[in-house]
Protein chains: 2
Amino acid sequence: MFRESPRAPTQDGVLRAAGKIAAILPPTPLLPVEIGGVRVHAKCDNLQPIGAFKIRGAWHRLTDLTPEERAGGVIAVSSGNHAQGVAWAARELGIEAAIVMPADAPRVKLEATAALGAEIVLYDRAGGEDRDAIANALCDERGRILVHAYADPWVIEGQGSMGIEIAEQLGREPSRIVVCCGGGGLAAGLALACRDSAIVPVEPKGWDDVARSLQTGTIQRVEPGAPKTICDAIQTPSTAPVNFAVLRERCDPGVTVTDAQVRAAQRFAFAKLRLVVEPGGAAALAAALAGKVALDEHTVVTISGGNTDAADFARTLSTTD
Amino acid sequence: MFRESPRAPTQDGVLRAAGKIAAILPPTPLLPVEIGGVRVHAKCDNLQPIGAFKIRGAWHRLTDLTPEERAGGVIAVSSGNHAQGVAWAARELGIEAAIVMPADAPRVKLEATAALGAEIVLYDRAGGEDRDAIANALCDERGRILVHAYADPWVIEGQGSMGIEIAEQLGREPSRIVVCCGGGGLAAGLALACRDSAIVPVEPKGWDDVARSLQTGTIQRVEPGAPKTICDAIQTPSTAPVNFAVLRERCDPGVTVTDAQVRAAQRFAFAKLRLVVEPGGAAALAAALAGKVALDEHTVVTISGGNTDAADFARTLSTTD
């Protein structure tokens, strides 16, 4: 399913990515937030220009392409945030991009990706089509480079730049980083960036393949028929070997959150942080609010994305479940 | 109506306030945002711990009180954001605070102010009660210091610290600052902070006393019976002499925005900036989006507050007018 990774991601790679990203994007805010009487910190990557941290990995990957690779263009697979990251970086660098996206992705993400000038190739997520197979076939057919959403050492290193920013803003490495986890790109990147921090991956209930992989020591999959989740951004069937090699060494046990806990976290972020957070971007905050992780004053919670349809967000604000 | 100001606010005072504020609060983000094809900057003071810029003036004022004044406590008048600023600063400094608030203030603001430990004294805004008279009487009765929401040189200087941050973040003074304007505390502070920037005050339609004051050269009032506005935070009947002395010298003509334009700006901030912005905090953005002010790459638009009831925000997201 995953192509073999050309190399392992490294801390040096994270530092190099952080330098490139600092040159074009200001650090996102690290806001203090009180949870259960403890003052922790929220790293707000929903305030990136594309509304998600994915701009980091995409920028590191695309800027490292050779001139020949740039001329050939790129393919990405994404439910919407990596799509926008790749489309944004491709536009900035004048590279052609085609993005394989699930047909049921939030409309706001489909529209934003198209608005950035990328070609959209839809697939049927609910029906179980293998998006990686589609993308690999497109790459072979068009001679393009695949920019995988997480199974890519550059992408992992780029996402890790968030950890370099956090450590600078906090004046030290966090004791613990609670991180929204889909394929494990951000979690692995943060683990490489902050070697002394505990890394706690948070997944939606029923989509806890990383938690089960950490438990068993081998990569587990979410099988077709898993329960629905509102966390479209981190609804990922499995992590990849290049990610798991890092996660296995560094992660604390993973935790899961329910849709109701995620919606409560979105309402909390609305009222206390004045931030729009999408479901998948609120998973780590949900775990912290639900008392599922230990918190201290050096704990950082990632807020990883804010791309959500207005109607969905209005509904979340209007409910209390 | 206004007590005579003990002194005029100064640029040196703004710089001193900026130093005190930088010591306790990180600068709020200055986010790039594209409006009508022009890349301008949004200064996001809705991300302050109390969700509004008012924390700045309150901190500068309360930290400059003498030990005797601190022991006596403070009184403030506010529809909710200045209330939270004063309550926050008072709690940090161990000072007693009572806040005169309109009974029809957003519930979220009343609750947040009470949660910060301040005493709330309600008055009838709709019925035309003079909140300043109530506050002055309370001060005399209890021997307390009045911390006016805008008619106060410390408050003006404190709000001006936003301009010092903006200039540092932009690497120069803005060409133009488009500013949400109620009593004119922030506008006057920014005018003192950024002497080379054009200052454009934005008021709600029907509550354009500052625009009319600038036009006529003397302070004008909004008379009872003015149309309703959703911009509770900047629904102020008139500016004060200490503010107008600065505004008259430095402001461009004022502009006004309708409720519909404000709601459109709130939806824009939701979708493009992933920020929760309250109506009064979105007025400047509304003016920029509606084409009411000239924009260039060195233009800054203030996003001054984000305290809004969830039901109101959900309704705004669900409408298109």
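The test for being open to solvent by less than 20 Å² (accessible area, probe 1.4 Å), more than 12 Å from chain B (Cβ to nearest Cβ), closer than 21 Å to residue B:112 by Cα and among the aliphatic types (A, V, I, L, M) holds for residue A:265.
Summed over the range A:146-162, the residues that are under 14 Å from residue A:239 (Cα atoms), of a type in the set (Val, Ile, Thr) and touching a Phe, Trp or Tyr at 6+ places or on another chain (Cβ under 9 Å) give a count of 1.
Restrict the check to the range B:206-219 and report whether at least one residue is under 26 Å from residue B:17 (Cβ atoms), of a type in the set (D, E, K, R) and out of contact with any Lys or Arg (no Cβ under 7 Å at 6 or more places or on another chain). Checking the range B:206-219: not a single residue is under 26 Å from residue B:17 (Cβ atoms), of a type in the set (D, E, K, R) and out of contact with any Lys or Arg (no Cβ under 7 Å at 6 or more places or on another chain).
Reported count of residues in the range B:274-297, each being open to solvent by 10 Å² or more (accessible area, probe 1.4 Å) and either of a type in the set (A, V, I, L, M, F, W, C) or out of contact with any helix residue (DSSP H, G or I) (no Cβ under 7 Å at 6 or more places or on another chain) (or both), is 9. Quick one: is residue A:316 outside any helix (DSSP H, G or I) and either of a type outside the set (Asp, Glu) or surrounded by fewer than 24 Cβ atoms within 10 Å (Cβ to Cβ) (or both)? Judged against the criteria, residue A:316 is not a match.
Each residue in the range A:191-235 was checked for being open to solvent by less than 10 Å² (accessible area, probe 1.4 Å) and of a type outside the set (A, V, I, L, M, F, W, C), and 6 of them qualify. Can you name the residue in the range A:31-62 that is surrounded by fewer than 24 Cβ atoms within 10 Å (Cβ to Cβ), more than 10 Å from chain B (Cβ to nearest Cβ) and not in a strand (DSSP E or B) and, of all such residues, is farthest from the chain's Cα centre (by Cα)? It comes out as A:37. Sub-8 Å Cβ pairs linking a first residue in the range B:295-321 that is facing chain A (nearest Cβ under 8 Å) and over 18 Å from residue B:232 (Cα atoms) to a second residue that is of a type in the set (Lys, Arg) and surrounded by fewer than 22 Cβ atoms within 10 Å (Cβ to Cβ), at least 6 apart or interchain, are B:317/B:267, ordered by first then second residue.
Taken over the range B:169-180, residues that are open to solvent by 20 Å² or more (accessible area, probe 1.4 Å) and either more than 14 Å from chain A (Cβ to nearest Cβ) or out of contact with any Leu (no Cβ under 9 Å at 6 or more places or on another chain) (or both) amount to 5. Considering (1) within 14 Å of chain A (Cβ to nearest Cβ); (2) farther than 28 Å from residue B:77 by Cα; (3) under 19 Å from the mean Cα position of the chain (by Cα), the lone condition that residue B:272 does not fulfil carries the number (3). Would you confirm, using the coordinates I've provided, whether residue A:257 is touching a residue at least 60 places away in the same chain (Cβ under 8 Å) and away from chain B (no Cβ under 14 Å)? Spelling it out, it is not the case that residue A:257 is touching a residue at least 60 places away in the same chain (Cβ under 8 Å) and away from chain B (no Cβ under 14 Å). Here residue B:69 meets the list (1) touching a residue at least 40 places away in the same chain (Cβ under 8 Å); (2) outside the structural domain of residue B:283 (by TED's automatic domain parsing); (3) under 20 Å from the mean Cα position of the chain (by Cα) almost entirely, failing just condition (3). The residues listed here are A:159, A:215, A:220; of these, the one that is assigned by TED's automatic domain parsing to the domain that holds residue A:23 and touching a Leu at 6+ places or on another chain (Cβ under 6 Å) is A:159. Flag not set for residue B:102, criterion: surrounded by 17 or more Cβ atoms within 10 Å (Cβ to Cβ), closer than 30 Å to residue A:51 by Cα and under 20 Å from the mean Cα position of the chain (by Cα). When the residues of the range B:63-92 are filtered to those that are among the hydroxyl-bearing types (Ser, Thr, Tyr) and not in a helix (DSSP H, G or I), the one that is nearest to residue B:232 (Cα to Cα) is B:79.
Condition (residue is open to solvent by 30 Å² or more (accessible area, probe 1.4 Å) and outside the structural domain of residue A:277 (by TED's automatic domain parsing)) applied to the range A:18-25: is it met by at least one residue? The answer is no; no qualifying residue exists.
In the range B:133-147, is there at least one residue being within 20 Å of residue B:48 (Cβ to Cβ) and open to solvent by less than 10 Å² (accessible area, probe 1.4 Å)? There is at least one residue in the range B:133-147 that is within 20 Å of residue B:48 (Cβ to Cβ) and open to solvent by less than 10 Å² (accessible area, probe 1.4 Å).
The values are calculated or read from the model by the stated rules, or taken from the named source; none is laboratory data. Everything quoted here is computed from the prediction, not taken from an experiment. Ideal geometry is used to build each Cβ from the backbone, glycine not excepted, and the neighbour counts take in all protein chains shown. These area figures cover heavy atoms from the full protein model, side chains too; ligands, DNA and RNA do not enter into them. Shrake-Rupley method; radii C 1.70, N 1.55, O 1.52, S 1.80 Å.
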